[in-house]
Structure formats: structure tokens, C-alpha cells
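Below you'll find the structure, written out as C-alpha cells, and then a few comments.
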Amino acid sequence: MENWDEIKTAYQVARHGTVSGAAEVLGVHHATVIRHIDALEKQLGVKLFQRHPRGYTATEAGIDLLRVAQTTDDQFQQLASRIRGRGAEVSGDLLITSLVAFAPMMVEALASFQKAHPDVTVRYLTGDRLFRLEYGEAHVALRAGSVPEEPDNVVQPFAREKIALYASRAYVEAHGKPDGLAAMVDHRFVGPDNLETRAPFMRWLIAHVPAERITFRASDSRVLEQAVLAGAGIGFFSVREAEQCPDLVQIMPPQEDWTAPLWLVTHVDLHRTAKVQAFLAHLKEHSAIFD
């Protein structure tokens with residue numbers, strides 16, 4: 001593909017909207033970026049971008065090129081990830097993804113894994129979106145909820161984490177401890193800003209507690225936990241994490257319908273590689289913390 005350098009450049013310009021942004025990502029001078037765009041537009045006979053003082057905006061033809069470049073770039077990343085994952089040595093990049101709520105457990109497991117395999121470079125990605133294993137965005141994903149159904153993935157049951165309602169001792173001293181579900185309406189709660197949350201325990205909260213009593217809301221689970229610790233209201237913690245916080249008082253014990261199963265997900269092309277198998281075995285040794 002003789003024009004791939006120019007296409008890569010146009011792709012990065014479209015992604016970042018500026019010549020300087022594309023130049024930084026590609027590691028080239030901004031003049032090289034401009035030269036690549038001019039050469040590609042001359043060869044294709046169309047304008048790929050509208051130039052304006054704030055940067056570059058893709059034209060209709062530019063958007064078409066962006067789609068092709070995105071697919072090609074994804075495929076190259078997938079290929080590179082598969083190549084890195086092959087071989088008998090446990091070394092190189094290890095890309096792991098999970099919800100940020102599982103970071104304490106995952107970081108501990110990743111750190112101990114790295115001690116056993118010092119040639120591994122850990123990349124731990126957190127977020128609510130589903131990282132695309134088929135495009136090499138991660139080697140292993142820890143997911144919660146219903147069983148993942150993406151094609152070409154290997155899914156293994158991992159564990160079930162117990163979730164309970166807690167408040168800080170300061171909150172209990174100031175407001176008392178609710179005696180049963182009926183008394184919940186007299187208390188303040190910490191909950192999600194997104195009422196469409198998929199977390200089963202948060203759906204329970206939205207269904208059973210009046211909206212006006214959820215007085216502290218946030219989109220990040222770490223913020224919600226800090227709010228509970230700060231005395232802002234009653235909220236959810238995993239039992240595992242709450243046991244590490246002596247200032248927390250359990251308000252309601254774990255409920256079965258608050259618990260979501262956890263799944264380990266890998267792509268079929270990488271599942272049998274030495275690195276992935278070694279990490280899966282190591283992580284499963286840590287699953288006892290959920291019992």
C-alpha cells in the first residue's frame with residue numbers, strides 16, 4: 001500500500017482535528033503532516049479537509065477515508081496484539097481491562113504477577129465501555145453482569161462479589177441507623193448520577209429509595225465510596241473493601257439480587273498464549289478474596 005503513510009497521517013488529522021496533534025502522535029514535523037495531506041488530496045483529486053483557524057474538519061470524502069483507515073488501523077492493532085501474545089515467554093505488554101470498582105483487587109493481582117514475571121509491562125485500562133478484544137484492545141477483560149456474548153471470545157466464570165450497604169460512623173452518630181427498609185426514607189443516600197445504570201445494587205437503590213433522598217450523586221464509583229466515607233450518606237461497598245475500612249458501619253447485609261457474577265473474557269486467538277494463560281491462572285489464585 002504505497003500511500004499508507006499519507007493515509008495514516010490523514011487519519012490522525014481527522015482524529016485530532018489539528019496538524020500539531022497529528023504530528024505529535026506520529027512523531028513527525030508538522031510540515032510533514034501538511035505535505036502528506038496535500039499529496040493525498042492531489043492524488044485523489046478531492047479535498048479531504050476544510051481548513052479553518054481552529055484546525056482541520058473532514059469533508060465527506062475525508063470521512064469516507066477515515067472509515068477505511070479506522071478499519072485498517074484496527075486490524076493492524078489486532079495483528080500486532082496477536083503477534084505479541086504468541087510465543088512461549090511470559091513477557092511484553094499485558095493489557096487488562098475492568099470496571100474501576102475492581103481496581104483494588106486487580107492492581108494487587110497485577111503487581112504480584114509482575115513480580116513473578118518481571119519482563120511483563122502491565123497496561124491496566126478501566127472504564128465503563130466494553131473494550132474490543134477482537135481488535136487487540138485488551139488481552140483479558142474482567143466483566144460483571146450477564147454472561148458476555150461477543151463472538152470469538154472465551155468466557156469463564158470467575159467469582160461473585162458480595163455487596164452491602166454501609167455508612168460512616170460519623171453519619172450513624174449524627175443520623176442514627178435505619179431499622180429496616182421502611183426507615184430508609186428518613187436517611188440520605190449516595191448513588192449514581194446515571195439512573196440507567198446496569199449495576200444490580202444501584203437498580204435496587206433507585207427502585208426502593210425516593211429520588212429526593214439520593215442526595216449525593218456521581219458517575220465514578222470511587223467518588224461514591226469517598227462520599228460514604230466522608231459521611232455524605234448511606235451507600236454501597238463490596239464487603240471485601242469495607243472490611244478494610246474500620247470507620248464503616250454495615251447498614252444492610254449483602255443481598256443475593258445485589259450480586260452480579262464476574263467473568264474472565266479473552267479472545268480465542270490469544271486465549272492459549274503463554275502470557276494469557278499464566279495471568280489467568282495467577283488471577284484465579286486471588287479469587288478466594290471473594291469468598
Yes or no: Val122 farther than 25 Å from Ala199 by Cβ and β-branched (Val, Ile, Thr)?
-> yes
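For Phe189, are the conditions met, namely being farther than 22 Å from Arg143 by Cα and modelled with pLDDT of 90 or more? It would help to see each step written out before you state the result.
Values: farther than 22 Å from Arg143 by Cα: yes; modelled with pLDDT of 90 or more: yes.
Here the answer is yes, as Phe189 does meet what is asked.
Say we look at the stretch 240-280 and pick out the residues that are of a type in the set (Val, Ile, Thr) and touching a Gly at 6+ places or on another chain (Cβ under 8 Å); which of these is nearest to Ala170 (Cα to Cα)? Quick ask: steps written out before the conclusion?
Within the stretch 240-280, the subset of a type in the set (Val, Ile, Thr) is 249, 251, 259, 265-266, 268, 273, 276.
Pick out the ones that are also touching a Gly at 6+ places or on another chain (Cβ under 8 Å) and you get 273, 276.
Details: Thr273: 50, Val276: 45 Å.
Here the answer is Val276.
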Considering each residue of the stretch 213-239, count those that are more than 18 Å from the chain's Cα centre (by Cα) and not in a helix (DSSP H, G or I), and give that number.
-> 13
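Determine whether Ala232 is open to solvent by 20 Å² or more (accessible area, probe 1.4 Å), farther than 16 Å from Ala101 by Cα and in contact with a Phe, Trp or Tyr (Cβ under 6 Å, 6 or more places away or on another chain).
Values: open to solvent by 20 Å² or more (accessible area, probe 1.4 Å): yes; farther than 16 Å from Ala101 by Cα: yes; in contact with a Phe, Trp or Tyr (Cβ under 6 Å, 6 or more places away or on another chain): yes.
In short, yes.
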Qualifying residues in the stretch 111-142 (those that are assigned to a helix (DSSP H, G or I) and in contact with a helix residue (DSSP H, G or I) (Cβ under 8 Å, 6 or more places away or on another chain)) - the one modelled with the lowest pLDDT | Tyr135
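Do we have Thr126 as loosely packed, with under 12 Cβ neighbours inside 10 Å and in contact with a strand residue (DSSP E or B) (Cβ under 8 Å, 6 or more places away or on another chain) here? Reasoning before the result, please.
On the way: loosely packed, with under 12 Cβ neighbours inside 10 Å: no; in contact with a strand residue (DSSP E or B) (Cβ under 8 Å, 6 or more places away or on another chain): yes.
In short, no.
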Just wondering, is there one or more residues in the stretch 150-170 that are modelled with pLDDT under 85 and surrounded by fewer than 15 Cβ atoms within 10 Å (Cβ to Cβ)?
-> yes
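Which members of the stretch 196-212 meet the condition of being of a type outside the set (Ser, Thr, Tyr), within 19 Å of the chain's Cα centre (by Cα) and assigned to a loop (DSSP other than H, G, I, E, B)?
First pass over the stretch 196-212, keeping only residues of a type outside the set (Ser, Thr, Tyr): 196, 198-212.
Next, only the ones that are within 19 Å of the chain's Cα centre (by Cα) stay: 196, 198-200, 202.
Answer for the stretch 196-212, where residues must be of a type outside the set (Ser, Thr, Tyr), within 19 Å of the chain's Cα centre (by Cα) and assigned to a loop (DSSP other than H, G, I, E, B): Glu196, Arg198, Ala199.
If you take the residues in the stretch 171-195 that are surrounded by fewer than 17 Cβ atoms within 10 Å (Cβ to Cβ) and touching a residue at least 24 places away in the same chain (Cβ under 8 Å), which one is farthest from the chain's Cα centre (by Cα)?
Our first condition is that a residue be surrounded by fewer than 17 Cβ atoms within 10 Å (Cβ to Cβ); within the stretch 171-195, this holds for 173-177, 179-183, 185-186, 193-195.
Right, trim to touching a residue at least 24 places away in the same chain (Cβ under 8 Å) and you get 174, 177, 181, 185, 193-194.
On the way: Ala174: 36, Lys177: 35, Leu181: 33, Val185: 34, Asp193: 18, Asn194: 17 Å.
If we take residues in the stretch 171-195 being surrounded by fewer than 17 Cβ atoms within 10 Å (Cβ to Cβ) and touching a residue at least 24 places away in the same chain (Cβ under 8 Å), then Ala174 is farthest from the chain's Cα centre (by Cα).
The values are calculated or read from the model by the stated rules, or taken from the named source; none is laboratory data. Just so it is clear, the model here is predicted, and its values are computed rather than measured. Virtual Cβ from ideal backbone geometry, glycine too; neighbours counted across all protein chains shown. These area figures cover heavy atoms from the full protein model, side chains too; ligands, DNA and RNA do not enter into them. Shrake-Rupley method; radii C 1.70, N 1.55, O 1.52, S 1.80 Å.
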